[in-house]
Amino acid sequence: MMDKHYDPKAVEAKWYPWWEQHGCFHDEPASGGSPYSVVIPPPNVTGILHMGHALNETIQDVLVRWHRMRGDNTLWIPGTDHAGIATQNVVEKALRKEGKRRHDLGREAFIDRVWEWRRQYGGTIVRQQRCLGNSTDWQRERFTMDEGLSEAVAKVFCDLYDKGLIYRGNYIVNWCPRCGTALADDEVEHEPNEGHLWYVRYPVVGREGEYVTVATTRPETLPGDTAVAVNPNDPRYAHLRGCKVLLPLTGREIPVVFDDYVEKEFGTGVVKITPAHDANDFAVGQRHGLEQVNVMNDDGTMNALSGYEGMDRFACREAIVEDLKKGGYLVKIEPYQNQIGHCYRCHTVVDSRLSKQWFVRMKPLAKPAIEAVRSGEVTILPKRWESVYFNWMENIRDWCISRQIWWGHRIPVYTCACGHEWASPTAPETCPKCGAGKESITQDPDVLDTWFSSWLWPFSTLGWPKKTADLDFYYPTADLVTGADILFFWVARMMMAGFEFMGKAPFRNIILHGIVRDAQGRKMSKSLGNSLDPLEIISQYSADALRFSLALITSMETDTKVDMSKFEIGRNFGTKLWNAARFLQMNAEKLDGFRFADYAGDGLTLDPALLHDDDRHLLLKADHVCAAMNAALERYRIQEGALAIYDFAWTDFCDWYLEYAKADLNAEDAARRRQVLSLLADVYGKILRLLHPYMPFVTEEIWHQLGYCGEEGTIMRAPFPKGYSADRKAAWGLSEEVLTYVETKRELITGVRALRAEAGLQPALAIRLLVRAATPELETKLRADEASIKVAVRAETIEFLANDPETPMPTKLLRAGLIGIPLEGLIDTKAEAEKLDKEITKLRGFLKGIDAKLSNEAFVSKAPAAIIQNQRDRKVELEAQIATLEARKAAL
RNA sequence: GGGGGAUUAGCUCAGUUGGUUAGAGCGUCUGCUUGACAUGCAGAAGGUCACUGGUUCGAGUCCAGUAUCUCCCACCA
């Protein structure tokens, strides 16, 4: 017998290892079925599970489990990303506790240390992912620094290098002084900053008493100025052509240059030009052949050229402002809001600085990736992201891929003492040009951006550059599910890599979902302390609850706001299912030889002679929900699917049908009993299978507990329900009329219950129910259903009357007709009359609206016939209802 | 500066190609320890679908504008 209470902790701890050990997550190219493959967005190896993962992986697992149950040959590849800067930061932090820095260890020892860290702690997130229930194929788990993936990285680099798509150059890059490395443009986060504009006078050389005033937000870069610039069409400064100005504090003379880049309206119309510390200034410098003076060190302190050597850049800013003031150069200070860039890893303010780095030429790579989305070969959902994608791709800039850190794929470029430089996937023994040996060859010290390995993920994980059976069978992958926040970092680059190296798009569909926010709609972050921990939710509510609740509240179009109480939805639903299962089990035990295993597939047989309309209604709704789930998932409408099964299982199955079935399950008629139970077993089995992608644990547990499968079976590989065949639906008499009738009947039951509640009748009190059915046909049907109605509304008798009841009593007008409950003694005629008046007024309002439409010639001539007929029918119905109510009122 | 999104019940959100009386969960109120389930059951209250205009026989749904809130991109020092 099933336990009274469901214990998700024990159940989840049991099934996950069982699935893994039984190879339930594993298919082979030869396993049969058409391929359905997905790669997980690899979390950082330093990461811990957060709500973003929970949402992202729930969506994927729903899709993956659904496809697997549909018989597809399914592969979901898990793995982690070596996360260069993040991981190096973690290990450096640990080292600092020992009072050491990475340079104290040296490169090799440090890298060993990182690997050691990875062995010890790098498994955290993949262990946590298992708690979610992800059906990822752990036999194929990958890490971006694995041998195979590293080989892919080296090959890709060399190919691009040899094609001339990788180049090295001196450009302005984003420099994080804390991490000591260059960052790509999209690794910089811009945030509004309450800063200042300092207005500084630069004396014009050779014109005593004449100045130009520049406005700057970064006075500390002043020692690096090599010009001031004005707009060529600015009459205020036209006379300065050919002039020089004196750079304050330094005594250096720098030219005035004329460049369109300068906005006349901004500040004073004069800009200081610091080509080594600003991208725009760099460009201006290029155009005018200006000197580039870098005034800072790698760690954000000032260097010897600045004249403030060793001073921190922000301290230097103050010092320079102070010195400018003293020297009489400072004109004024204005508060000024601008955007300043921060390192996405450590949030340090980044410096723009001149630096020699490796870049990938992106324009040629972008072309096929743009074309594929434009042609529909690859679709992006929601569709609106397409324009964002195009916009970025069409204005793509070269990708700075070198990082001045140690943890990562070392750049495979070698230089010989002879001056020859080349790229090689393996460490060369000799120089291909002069033949010199290893001792003359040096490798580039930098490593590659982490994304330079993750952009290969969809095929490197399948074995590329080796030609493997996996690669052949599972590439291209089917769906890529990720947050829109890494559309550029990752998705767009994977598209480019897919075309460049595989000649094919890496996936057919890109599914972008929103991010998880807190109850106030704020991003979850460590600093705000508003993060919810998925593991805490799992421990409190279960993984199924986490998954189902997320699925139910997440729309693909928008971000998702969550708080702990949201997970009660999933927990309660799990409990509901559990209790329904207990009910079925209790009843099955009373029937000899009843086996749920007979209902694990689509083999239900029924004797139509024993079927009731409520049975047919349930079967119809079950059929609908099967179709709805498949349709929803085909369109990636995860939420819609969750809602459909939730509503069906709870409302149709439990609230209505189980209650209805109780009478028959306790009745004498053994054949009927058996049929009702088989129907319940069939539909409940469908519910479990439909729900399994969302709630894998509880569905598997019940599947076994009820005995839908043997000990070695699993719901994971049970067929996903498609609904009943047309033949059977016809044989069982499933029709829209049945649907309408049962709904009418239910409205009647609800109506009676409402009447009872309004009249304040004790629940235990059995009533006399009067029904004047809307049509004779309906009356016949209701008479046949009398027993079940009596139970549902606790009526002792039901009297079907041809005429309106004359006695004053609470009544209600429904689709089914007029109902009333005669009460001994008191009836508040005044309240009853008011209720009737209110109802009549409401109906007249509707009638007026319909009359207006029907007398509108435009409506009658232009609206479709069905709509018009509908309105006519409705009018007749309304008129009859109003007449009935008025008769009631008169009788009071 | 450019682009996107949101605005529907007290709260969080559904609402497919325009078509009867706009739905759900939570919360609120009322009554129920009824033989699966109080993590529950039955019932109720609660909405001028942000605003203005337009298209249409008909608009929560399509179009334009306004307001508020958001996100992304961007080199005005």
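Rounded to the nearest 500, the 222 nm mean residue ellipticity of chain A from helices alone is -13500 deg cm²/dmol, with -39,500 (n - 2.57) taken per DSSP H run of at least 4 residues. As a length-normalised measure over Cα pairs under 8 Å and 6 or more apart, the relative contact order of chain A settles at 12 percent. Reducing segment A:838-875 and segment A:771-789 to their Cα centroids gives an inter-centroid distance of 29 Å.
In summary, the lysines within cross-link reach of A:K466, defined as a Cα separation below 16 angstrom excluding same-chain residues under 8 places away, comprise A:K155.
For A:S531, the residues whose amide H sits under 5 Å from its own are A:S525, ignoring neighbours fewer than 5 places away on the same chain, with H placed 1.01 Å from N.
Going by average Cβ neighbours within 10 Å, how do the peptides A:36-44, A:792-800 rank, with the highest at the top? Walk me through the intermediate numbers first.
Details: A:36-44: 23.9, A:792-800: 16.4.
Top to bottom by mean Cβ count within 10 Å: A:36-44, A:792-800.
Based on the Kirkwood radius over alpha-carbon pairs, what value in µm²/s does the Stokes-Einstein equation return for the translational diffusion coefficient of segment A:236-371 at 20 °C and 1.002 mPa s?
My calculation gives 120 µm²/s for D.
Cross-link pairs exceeding 25 Å between alpha carbons, from the set A:K812/A:K853; A:K367/A:K523; A:K14/A:K526; A:K686/A:K790; A:K621/A:K662: A:K812/A:K853; A:K367/A:K523; A:K14/A:K526; A:K686/A:K790. Taken one residue at a time, the phi angles of segment A:240-253 give Karplus couplings (6.51, -1.76, 1.60, θ = phi - 60°) of 8, 4, x, 7, 10, 10, 9, 6, x, 6, 10, x, 7, 9 Hz. Gly and Pro are set to x. The aspartates and glutamates within cross-link reach of A:K438, meaning a Cα-to-Cα straight distance under 17 Å and a gap of 8 or more places when in the same chain, are A:E421, A:E429. Under a 5 Å amide H cut-off, with hydrogens placed 1.01 Å from N, A:V378 pairs with A:V373 among residues at least 5 apart or on other chains.
The residues of segment A:657-729 expose, per residue, 32 Å² of accessible area to a 1.4 Å probe. Positive end of the dipole of chain A (Cβ unit charges, origin at the Cα centre): among A:T884, A:F489, A:C709, the Cα lying farthest that way belongs to A:F489. Between A:D563 and A:R815, the simple spin-label model (points 7 angstrom out along Cα→Cβ) gives 3.8 nm. With one equal scatterer per alpha carbon and no solvent term, the Debye-computed log10 I(q)/I(0) for chain A at 0.08 1/Å reads -0.90. Residues whose amide H comes within less than 5 Å of that of A:E253, counting only those at least five positions distant or on another chain, are A:L247 (H built at 1.01 Å from N in the peptide plane). Excluding ligands, DNA and RNA, the accessible surface per residue across segment A:735-892 is 56 Å² with a 1.4 Å probe.
Protein chains only, probe 1.4 Å: how do A:K621, A:K433, A:K745, A:K842 rank by accessible area, largest first?
Descending order: A:K433, A:K842, A:K621, A:K745.
Only the Cβ atoms of Lys and Arg (+1) and of Asp and Glu (-1) were treated as charged; on that basis the dipole of segment A:494-627 about its Cα centre amounts to roughly 660 debye.
With a probe of 1.4 Å, find how much accessible area segment A:358-514 has per residue, and write the answer as a whole number in Å².
Accessible area per residue: 38 Å².
Applying both filters, DSSP loop and at most 12 other Cβ atoms within 10 Å, to the GluC sites (Glu not before Pro) of segment A:17-99 gives A:E98. Note on chain A: dipole from Cβ charges, positive end direction compared against A:L823, A:W650, A:V293; the farthest Cα belongs to A:V293. Annotation: lysines with alpha-carbon distance below 20 angstrom to A:K244 (same-chain offsets under eight excluded): A:K264, A:K272. Rounded to whole numbers, the Karplus 3J(HN,Hα) couplings from phi for segment A:709-720 are 9, x, 4, 8, x, 8, 5, 4, 10, 6, x, 6 Hz, using 6.51 cos²θ - 1.76 cosθ + 1.60 with θ = phi - 60°, and x at Gly and Pro.
Remark on segment A:112-246: hydrodynamic radius 21.8 angstrom, per the Kirkwood mean of 1/r across alpha carbon pairs. When the solvent-accessible area of chain A is split by element, carbon and sulfur atoms take up 51 percent of it, the probe being 1.4 Å. Rounded to the nearest Hz, the phi-derived 3J(HN,Hα) couplings of segment A:172-182 under the Karplus curve 6.51 cos²θ - 1.76 cosθ + 1.60 (θ = phi - 60°) are 6, 10, 7, 10, 8, x, 6, 7, x, 8, 6, where x marks glycine and proline. For chain A, the residue among A:G84, A:Q675, A:P43 whose Cα projects farthest onto the positive side of the dipole built from Cβ charges is A:G84.
Evaluated with a Cβ-only charge set (Lys, Arg +1; Asp, Glu -1), segment A:310-361 carries a dipole of roughly 300 debye about its Cα centre, given to the nearest 20.
The values are calculated or read from the model by the stated rules, or taken from the named source; none is laboratory data. All figures in this text were calculated on a predicted structure; none of them were measured in a lab. Glycine gets a Cβ as well: all are built from the backbone with ideal geometry, and neighbour counts include every protein chain shown. Ligands, DNA and RNA are excluded from the accessible area calculation, which covers all protein heavy atoms including side chains. Shrake-Rupley method; radii C 1.70, N 1.55, O 1.52, S 1.80 Å.
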